[in-house]
Amino acid sequence: MPLFLLFLAVPLIEIALFIQIGGWIGLWPTLAIVVLTAIAGTYLVRSQGGAALRQLQGSLNELRDPTEPLAHGAMILFSGALLLTPGFFTDAVGFLLLIPGVRTWVMNKVRARVATAEFRYGAPGQQRSGPDIIDGEFEEVDTQQARQPSDTRGPSGWTRH
């Protein structure tokens, strides 16, 4: 139900703002503002998205928790969608999400509502190996069955007979 109300409220707010602002400054300046905010928003999203991607790559390379760069990247992507949507309210929210402090505040609010039990790199149940441990897979082979009668090469030296 809250999502339905959001989908109902946002277009109504946008229509009301278009009517008000269009009445104050006229049709063409209103449309020009909408186009200019889309262009400026595209530029800002592109530059901040690249920075967020570099932060994500850095955290993955250094085996740090990538949650924060991922969240920032998702909010930048969402702000880009809002800025490309024609309207003043969506532009305001989109520009707010381009401010790193606002994104951090939103992330902290979401983090307070979400509980993480454990965070670990690697496959589930995988143990971290030390410097003297080599992780590998093997398959047992029956030497009698594996050796064909036409095989005259003899043992390879890797097995004992």
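So which residues in segment 84-133 are of a type in the set (V, I, T) and at pLDDT 85 or above, if there are any at all? Break it down stepwise before answering.
Step one: filter segment 84-133 for residues of a type in the set (V, I, T), giving 85, 90, 93, 99, 102, 104, 106, 110, 114, 116, 133.
Result: T85, T90, V93, I99, V102, T104, V106, V110.
So which residues in segment 46-63 are under 13 Å from P100 (Cα atoms) and of a type in the set (A, V, I, L, M)?
A51, A52
Being out of contact with any Gly (no Cβ under 7 Å at 6 or more places or on another chain) and either open to solvent by less than 60 Å² (accessible area, probe 1.4 Å) or more than 29 Å from R111 (Cβ to Cβ) (or both) is the requirement here; does P2 meet it? If you could, list the steps in order and put the result at the bottom.
Details: out of contact with any Gly (no Cβ under 7 Å at 6 or more places or on another chain): yes; either open to solvent by less than 60 Å² (accessible area, probe 1.4 Å) or more than 29 Å from R111 (Cβ to Cβ) (or both): no.
So P2 fails the test.
Go over the candidates F7, F18 one by one and state the one that is of a type in the set (F, W, Y) and touching a helix residue (DSSP H, G or I) at 6+ places or on another chain (Cβ under 9 Å).
Working: F7 fails: touching a helix residue (DSSP H, G or I) at 6+ places or on another chain (Cβ under 9 Å).
F18 is the lone residue from the list that is of a type in the set (F, W, Y) and touching a helix residue (DSSP H, G or I) at 6+ places or on another chain (Cβ under 9 Å).
Is there any pair with a first residue in segment 48-72 that is more than 26 Å from F95 (Cα to Cα) and a second that is of a type in the set (F, W, Y) whose Cβ atoms are under 7 Å apart and which are 6 or more apart or on different chains, and what are they?
These pairs meet every condition: L63/Y121; D65/F119.
The values are calculated or read from the model by the stated rules, or taken from the named source; none is laboratory data. A quick note: this is a predicted structure, and the numbers were derived from the prediction, not measured. Every residue, glycine among them, receives a Cβ derived from its backbone with ideal geometry; neighbour counts consider all protein chains shown. All accessible areas refer to the heavy atoms of the entire protein, side chains included, with ligands and DNA or RNA removed. Shrake-Rupley method; radii C 1.70, N 1.55, O 1.52, S 1.80 Å.
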